[in-house]
Structures are given as C-alpha cells and as structure tokens.
Ligand SMILES: [Zn+2]
C-alpha cells in the first residue's frame, strides 16, 4: 500500500431509508409488485410457447424441459392472480392489482399453460425470452432473498434510485443472447489458426475440476486486460463508463453496460475457451460459475468470504472497483480471481473498509439514450478541449 493510500481517510457509507419506496407488510405493495412481476413473466412465457423459434434460444432449449416448465408457469399464473386479488383488498389504489390480474388474464386468453410443445424450427437469430425469464426468476429468488437476509446496507430499498434503468439493461442483455453468441463465435473463429489438437487433447486429459480452474485463469487473464484497457485507454473509457455510472450496488447493478462492452466482453472471453477446447462439462461449470459470480460481486451483500477473499473476486473487492474514491480508481480489474490484480499491481482491498461512494467522478446522462450515445458525446466534448472524465 502506498503512503497516499494508507493516509486516505476511509468513511462509512450512509444510506438513508426511503420510506416512500420501502416495502412494508400489509400495505399491498409487495403483493402488487409480485402480481405484476409474475403476470408479466407469465405473459412473456406464453408468447415464448406460442412462437418458440423466434423467442427462445437453441442453446438453452437443450438444457431445460419446456413441457415440465409449464407446471412452473401454471403456479406463476395462479399466484399472480392470487396476489392481484390480495392487492385489490389491501390497497386503496387499484392500479397494481388490476395490472397484475390483467397481464395474467391476457396470458390465459392466449393459451395459458397448456400450449402444445412440439419440435421447434431452428433459427439462427432469435430473442432470448426464455433466458430472460429463467435468469430473472432465479436472480430474484436467490439474490433478492440473500440481500434481504444479509444486506451490507439494510436501508437500501429494492426500488433504489435507477432500479428501472438497470432492469431495462438486464432485459436487453438477456434478450440479445443469440446475437451475442453469434458475434462471439464469429469473433473466436478468427483464431482458428492458433487451435492445436495437441493442446485440446492434453486439456481434456486432465481432471474436470482442473480443467475448470484452467478455464477460470485463462478467461480471467483476458478479461483483466480487456477491462484494464477500457479504463486506461482514454477513448475506450466512455464505453465502459456506462457500467460505472451505477451509484447503488445490488444484484441488478452489474447489468448496466453499453452494448459495445457487453458484446466485446463476451466475444473476448470466448477466445481462450475456443483455444483450450475443454470438455463440455467443464465449460458448463465455468459458465454457471461466471454468471453467478458476476451477479454476486455487485450485490448488496455483507459476506466477506473469509480467506477465500484472497483468492476470488468478492463483493467487497468489486465494490471497490465501482468506487469513485481516489485510492480505488483504476484498481481491481479482475473478474474471477484476484491473481492478476496482485501480479500487475492494481489490487486495492483495505482490510475492513468498504467504499462510501460509488459511480464516476463526472456524472453521466441518466437515460438509456444518453448513455448509449455517451461514447460519441464524450468524444465530441474532448475534441473541443474538455478533459477526459473518470
Ligand atoms: Zn471497470
């Protein structure tokens, strides 16, 4: 730790409780939002059952049983109606209850949970509605529950500022999964000259968990340097700054990101996987590990993970990466393990401290359009002599 860093006066983050947005039992808001959430997902699921070749992804269809998932849909629809009725009883304002019930009734009218499941005509490009529904359900049940039970900041409400903006990014990134995979595979195929059957064979001959460890390290190396370039090359920073414009960390915060970054990150990480050529099982374990860790490290969770924090990227480590405080700027680039930050001198983990502030030092536009155009507007501003933001 440098002198400047050890002299830094760390502060505690203060989060004021927003009573207007807080969910309290008995007011009908928890049931209302649950009804709308389940109603919207049910309607999306029914549309996916109606038009599977346009709205579902080939890769994911091989993993789940569409017929069995209709049972889950059935419960989702009935619970949406139940919560909707409860909301109408509990709340003076009827909008939430009516919206939830309305969405579910439309889902019933379109065929509900008994649409016949048959063979699906494969299409290269489709929307990942199935991926969106499963990821959203999983994240809400697992991470929102954990955040309620073990929050780092208890006063931070679920509907914290800009939650809707981040939910939009979450939906977009999941819906575009096919396009991201097509682009990623196309990008990786440019490296076919470097593929070696001997390397593939030796990778596949080692035990499964060692293969996973090897994938994690190779992916981490690529992601570390890609991430570092986004921070340290001044014309790349405005693209990545969109991800850093988040000022409240939770399970949804990591979804915010410019589509250029989302596409490039996924494309770059496919290159080492393509060159290593591990067993499919090792790849599957890595994909699940990477997906869960990416949500976990942005979460509002107080887990410090004991000695594991010296090996893996944890919420505290990555929260520092999102801090706008001076000693933390341009540190903690790693995605999976802390190894490359240690090796390349960009590690910042002041034992017991957590950041007091998150975000960029110069505030970005707060709308999706403003953020999508930000790389261009920032470039124009710079060409007129403005200093680069950070
Ligand atoms: Zn970053």
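What follows draws every value from the coordinates through simple rules; no lab data is involved. None of the values given here were measured: they were computed from a predicted structure. So basically every Cβ, Gly included, is an ideal-geometry build from the backbone, and we count neighbours across all protein chains shown.
Put simply, the convex hull of the Cα atoms in the stretch 159-239 casts, on average, a shadow of 8.6 nm². Restricting the calculation to Cα atoms, the stretch 134-202 shows an Rg/Rh of 1.23 when the hydrodynamic-style radius is the Kirkwood one. In terms of Cα atoms, the Rg and Dmax of the stretch 124-271 work out to 18.0, 55 Å.
Taking the mean number of other Cβ atoms within 10 Å as a proxy for protection, how do you rank 34-41, 355-362, 11-18 from highest to lowest?
Ranked by mean Cβ neighbours within 10 Å, highest first: 34-41, 355-362, 11-18.
In this calculation the C-beta distance from residue 108 to residue 154 is compared with R0 = 56 Å, giving a FRET efficiency of 0.90. Estimated from helices alone, the mean residue ellipticity of the chain at 222 nm is -17500 deg cm²/dmol (sum of -39500 (n - 2.57) over DSSP H runs with n ≥ 4, per residue). Sorted ascending by nearby beta carbons within 10 Å, beginning with the fewest, 383, 114 become 383, 114.
Remark: 279, 130 ranked as 279, 130, counting other beta-carbon atoms within 10 Å and listing the fewest first. Eigen-decomposition of the gyration tensor built on the alpha-carbon atoms of the stretch 177-383 gives equivalent ellipsoid semi-axes of 29, 22, 14 angstrom, largest listed first.
Computed over the stretch 245-363, the alpha-carbon pair-distance distribution with 5 angstrom bins reads 2, 10, 18, 23, 22, 14, 7, 3, 1, each value a whole percent.
By the beta-carbon count within 10 Å of each Cβ, the least crowded to most crowded order of 225, 237, fewest first, is 225, 237. What separates the Cα centres of the stretch 268-326 and the stretch 115-147 is a distance of 22 Å. If you take the Cα centroid of the stretch 9-33 and the Cα centroid of the stretch 76-92, the two points sit 22 Å apart. What the Cβ-Cβ distance of residue 310 and residue 74 gives, at R0 = 41 Å and to the nearest 0.05, is a FRET efficiency of 0.30. Using bins of 10 Å that start at zero, the share of Cα-Cα pairs per bin across the chain amounts to 5, 19, 29, 26, 16, 4, 0, in whole %. Using C-alpha pairs below 8 Å separated by at least 6 residues, the relative contact order for the chain is 18 percent.
Projected onto their three principal axes, the Cα atoms of the stretch 17-126 cover extents of 48, 31, 20 Å, largest first.
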